[in-house]
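Asker: Before I ask anything, here is the structure I am working with.
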Amino acid sequence: MATKHTLVALVENKPGVLNRMASLFRRRGFNIESIAVGHSELPHLSRMTIVVDGTTAMVEQVRKQLDKVIDVVKVSDITGDNIVARELALIKVKANSATRSEIIQIVDIFRANIVDVASGSVTIEVTGDEDKINSLLSLLRGFGIREIVRTGRVAMVRGGSSPSRMEKKSSNTHAKRQKDK
Amino acid sequence: MKMTGAQILCESLVREGVEVIFGILGGAVLPLYDALPNYPQLRHILVRHEQGAAHAADGYARATGRVGVCMATSGPGATNLVTGIANAYLDSSPIIAITGQVARPFIGKDAFQEIDITGITLPVTKHNYLVHSADSLAGIVKEAFYLARTGRPGPVLIDVPRDVQIEQAEFHYPTKVDLPGYKPTLQGHPEQIKKAANLINEAHRSLIIAGRGIIISGAYDELKQLAETAQIPVVSTLLGISSFPESHALSYGMIGMHGMAYANLAVDAADLIIAVGMRFDDRATAKVSAFAPHAHIIHIDIDPAEIGKNVRVDVPIVGDVKAVLNALNKLLVSTERVDWVQQLDDWRKEHPSTEIRDSDGLLPQYVVRQIYEATKGEAIIVTGVGQNQMWAAQHYWYNKPNSLISSGGLGTMGFGLPASIGVKVGCPDSIVWCIDGDGSFQMTIQELATIAQEQVAVKVAIINNGYLGMVRQWQELFYGKRYVATALSCPDFVKIAEGYRIPGLRVKHKREVTSAIERAMEHQGPFIIDFKVEPEENVYPMVPPGAALAEVVEAPEKRKKAISDSAKLPVSNI
Ligand SMILES: Cc1ncc(C[n+]2csc(CCOP(=O)(O)OP(=O)(O)O)c2C)c(N)n1
Ligand SMILES: [Mg+2]
């Protein structure tokens with residue numbers, strides 16, 4: 001059964017690495033739902049969060065293909081793990097003196113922020129999981145949404161360990177995977 | 001010491017032990033070529049089309065186990081390499097492609113002969129580089145060679161802008177590579193190996209499917225030991241041919257679409273498949289849902305992404321084939337499998353797939369067999385693609401390790417002739433025969449000039465059926481014999497060869513075959529024989545597209561004995 005999977009990849013900060021990853025998804029017929037990239041805690045390394053839709057077997061095949069990309073240090077499918085996942089969205093909503101206070105109330109309930117106010121609109125910044133952002137959006141839709149920009153999911157496994165600590169990727173992960181069988 | 005980028009590149013190639021480069025120059029590699037004469041260790045072979053350069057490097061790499069190198073200029077030179085690079089990629093062949101690029105300030109400006117070759121080759125290389133400065137060049141070459149030959153080998157491209165070739169930098173050849181994202185697993189997991197050994201020790205009808213991974217890893221002895229200790233019959237994929245001597249009592253030939261009927265029946269009946277260094281290509285498995293329906297599968301491969309990609313696997317073992325087999329062999333108890341081996345021998349008697357029918361006509365199978373006889377199986381055979389390739393695989397007996405060089409994954413017509421140049425250059429003491437199709441041959445025929453100029457002593461047997469034969473066979477069998485665009489009007493190949501100052505012979509009759517082959521072998525240099533074979537001969541056995549291995553069809557004259565559906569298989573009583 002196809003479900004959403006969250007992959008986290010630690011990659012070398014080299015030109016073309018995003019292209020290499022994206023090309024692989026395209027080539028194997030996968031749609032990337034979202035992808036978020038930025039610097040990691042290690043110099044020269046970036047961390048990507050990729051959300052894809054697929055069966056566990058298909059996603060595992062793609063994960064292994066990604067792992068083969070030389071600039072990819074490590075990729076894990078953290079879907080089944082206990083994770084923190086967040087997304088940030090900026091939402092520009094139509095607003096006038098009649099609706100503004102109602103919008104502010106909704107924003108407060110969602111612990112979102114108003115980051116810009118103009119004569120005919122307000123811009124809201126919200127952070128949370130996709131469900132939270134989607135419910136806020138559905139409440140705001142009635143006022144008229146002008147523009148939405150979303151970062152896509154960023155995610156991290158809860159607890160003390162850091163994936164960059166387990167960098168010796170291949171032997172350990174394969175051994176573990178083989179053992180699991 | 002300061003050097004130019006061109007010198008750094010040449011120095012680095014020398015450090016990597018490169019002895020030959022196949023290439024064609026052009027504006028964007030002029031500085032590089034200008035430096036070449038100062039490095040006499042680096043022999044340059046001028047080909048006539050860059051595709052030929054890549055195939056030659058590929059042939060060299062497959063035959064020697066070393067990294068092959070090809071070189072081309074920017075733009076069209078680079079794009080001409082692409083087919084050859086893709087071919088090497090699909091067959092895990094280690095080559096380095098060095099391309100010139102326009103000078104750095106012109107990149108991205110659609111300059112004359114600028115092409116994004118790193119972008120184009122991204123899905124067909126193991127890795128590629130655009131070099132941004134002369135001081136990074138040595139490190140990149142070091143990495144590129146390391147990546148090409150280790151783990152699962154493959155092509156690596158290095159794109160070098162023209163001004164980087166001129167730029168001065170300090171030359172230090174690194175002793176180590178630092179690739180945090182690349183750590184191939186070599187040793188198999190001991191638990192998994194133990195599981196595999198248990199399965200093998202318990203199975204009654206186990207079968208080894210040998211792939212090219214055995215050849216790449218040089219695991220010939222380990223494979224033989226596995227087969228002999230546990231008395232396990234061995235079949236192979238197309239590229240696994242010559243990983244196990246075909247004269248061995250436990251060898252049962254190739255599986256797949258044109259595999260031996262008995263080999264395919266064995267896969268169908270086996271209760272344990274030990275797949276070694278192979279990737280379950282659809283030409284080998286046929287209908288994948290019906291592949292080895294009764295078997296547990298042990299899959300040994302160095303590439304974790306191959307595990308479970310096409311077929312379900314019960315015991316995956318990621319690692320270098322040689323290391324894994326070594327460990328596995330220690331856990332095996334020697335066993336007799338008399339009934340199972342007897343069963344395979346019976347099938348081989350019932351389905352003599354390699355038997356050549358009696359005919360007064362000139363049969364392609366007969367030509368291949370006579371090449372085997374004349375060379376006593378000592379030659380390295382390089383093939384084209386199509387029927388010629390399948391007959392070469394079926395009717396020559398490969399007893400010598402790594403003696404079949406063929407385009408498996410990409411099935412590239414035109415591979416044969418240039419690849420055979422690389423093979424002969426890499427193995428000058430071996431007899432090299434290129435068994436080619438009249439269509440395939442014409443796709444890279446211009447490399448005859450390279451052969452003549454460099455006096456590369458390859459012997460070429462053109463299986464001239466006047467057709468794009470394999471496609472014609474499909475039209476005959478599956479498209480109501482409507483032959484569309486498959487008839488070839490061929491030039492006089494002997495005259496063509498003569499034009500290149502290469503001697504040749506035409507053979508139209510069976511009785512002339514042996515003497516012609518002998519003539520070719522006696523001649524010191526390159527030689528061509530144009531065999532005018534039966535035009536509409538078909539390749540059998542054949543598993544029709546979409547069918548399962550067990551549905552293998554024999555040649556019509558052998559059909560009376562053939563099995564056409566798996567229900568008739570004596571699976572239940574063995
Ligand atoms: C570059 C390329 N183009 C087209 C094909 C499709 N194809 C496969 S076999 C074949 C016929 C090959 O003809 P020939 O070389 O004469 O060999 P034969 O089958 O007649 O022995 C063709 C066209 C291919 N494999 N490669
Ligand atoms: Mg032909």
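The values are calculated or read from the model by the stated rules, or taken from the named source; none is laboratory data. These numbers come from a predicted model, not from an experiment. Reconstructed Cβ throughout: ideal geometry from the backbone, glycine too, with neighbour counts over all protein chains shown. What goes into the accessible areas is simple: the full protein's heavy atoms, side chains included, and nothing from ligands, DNA or RNA. Shrake-Rupley method; radii C 1.70, N 1.55, O 1.52, S 1.80 Å.
Asker: Taking the conditions exactly as written (outside any helix (DSSP H, G or I) and farther than 20 Å from B:HIS204 by Cβ), does B:ARG279 satisfy them or not?
Answerer: Answer is yes for this residue.
Asker: Is it the case, given these coordinates, that B:ALA196 is part of a strand (DSSP E or B) and either touching a helix residue (DSSP H, G or I) at 6+ places or on another chain (Cβ under 6 Å) or closer than 28 Å to B:ASN326 by Cα (or both)?
Answerer: Answer is no for this residue.
Asker: When you scan the stretch B:296-317, how many residues do you find that are open to solvent by 10 Å² or more (accessible area, probe 1.4 Å) and more than 25 Å from B:ALA548 (Cα to Cα)?
Answerer: Adding up the residues that qualify gives 2.
Asker: Are any residues in the stretch A:126-144 part of a strand (DSSP E or B) and open to solvent by 50 Å² or more (accessible area, probe 1.4 Å), and if so, which ones?
Answerer: A:THR127
Asker: Please give the helices (runs of 4 or more DSSP H) falling wholly within the stretch B:325-407 in which 1 or more residues are open to solvent by 40 Å² or more (accessible area, probe 1.4 Å), touching a strand residue (DSSP E or B) at 6+ places or on another chain (Cβ under 9 Å) and assigned by TED's automatic domain parsing to the domain that holds B:THR229.
Answerer: B:338-350
Asker: Looking at the stretch A:28-43, which of its residues are surrounded by 12 or more Cβ atoms within 10 Å (Cβ to Cβ) and either over 16 Å from A:GLN65 (Cα atoms) or within 12 Å of chain B (Cβ to nearest Cβ) (or both)?
Answerer: Of everything in the stretch A:28-43, those that are surrounded by 12 or more Cβ atoms within 10 Å (Cβ to Cβ) and either over 16 Å from A:GLN65 (Cα atoms) or within 12 Å of chain B (Cβ to nearest Cβ) (or both) turn out to be A:ARG28, A:GLU33, A:SER34, A:ILE35, A:ALA36, A:VAL37, A:SER40, A:LEU42.
Asker: Report the residue count in the stretch B:408-436 for those that are open to solvent by less than 10 Å² (accessible area, probe 1.4 Å), in contact (Cβ under 8 Å) with a residue 60 or more places away in the chain and away from ligand 1 (no atom under 16 Å from the Cβ).
Answerer: Final tally of qualifying residues: 3.
Yes/no matrix, rows are residues, columns are (1) in contact (Cβ under 8 Å) with a residue 24 or more places away in the chain; (2) within 21 Å of B:SER92 (Cα to Cα); (3) within 14 Å of chain A (Cβ to nearest Cβ); (4) open to solvent by 20 Å² or more (accessible area, probe 1.4 Å):
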| site | (1), (2), (3), (4) |
| --- | --- |
| B:VAL267 | yes, no, no, no |
| B:ALA270 | yes, no, no, no |
| B:MET278 | yes, yes, no, no |
| B:ARG283 | yes, yes, no, yes |
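Asker: Right, B:GLN231: modelled with pLDDT of 95 or more, assigned to a loop (DSSP other than H, G, I, E, B) and open to solvent by 10 Å² or more (accessible area, probe 1.4 Å) or not?
Answerer: yes
Asker: Out of everything in the stretch B:441-484 that is within 10 Å of ligand 1 (Cβ to nearest atom) and of a type in the set (Phe, Trp, Tyr), what residue ends up being most open to solvent (accessible area, probe 1.4 Å)?
Answerer: Per the stated criteria, the residue is B:TRP474.
Asker: Separate question: Being modelled with pLDDT of 95 or more and open to solvent by 10 Å² or more (accessible area, probe 1.4 Å) is the filter here; which residues of the stretch A:47-59 pass it?
Answerer: Within the stretch A:47-59, just A:ARG47 meets the criteria.
Asker: Pairs under 6 Å by beta carbon, first residue within 14 Å of chain B (Cβ to nearest Cβ) in the stretch A:66-92, partner open to solvent by 50 Å² or more (accessible area, probe 1.4 Å), six or more apart or different chains?
Answerer: Here the result reads A:ASP71/A:LYS14, each pair linking the stretch A:66-92 to a residue that is open to solvent by 50 Å² or more (accessible area, probe 1.4 Å).
Asker: Continuing with this model, one more query. For residues that are assigned to a loop (DSSP other than H, G, I, E, B) and charged (D, E, K, R), scanning just the stretch B:154-193, find the one that is farthest from the other protein chains (Cβ to nearest Cβ).
Answerer: B:GLU167
Asker: For the condition within 16 Å of ligand 1 (Cβ to nearest atom), more than 14 Å from chain A (Cβ to nearest Cβ) and either touching a residue at least 40 places away in the same chain (Cβ under 8 Å) or under 20 Å from B:ILE209 (Cβ atoms) (or both), what is the one hit in B:VAL367, B:VAL333, B:VAL341?
Answerer: Testing whether each residue is within 16 Å of ligand 1 (Cβ to nearest atom), more than 14 Å from chain A (Cβ to nearest Cβ) and either touching a residue at least 40 places away in the same chain (Cβ under 8 Å) or under 20 Å from B:ILE209 (Cβ atoms) (or both) leaves just B:VAL367.
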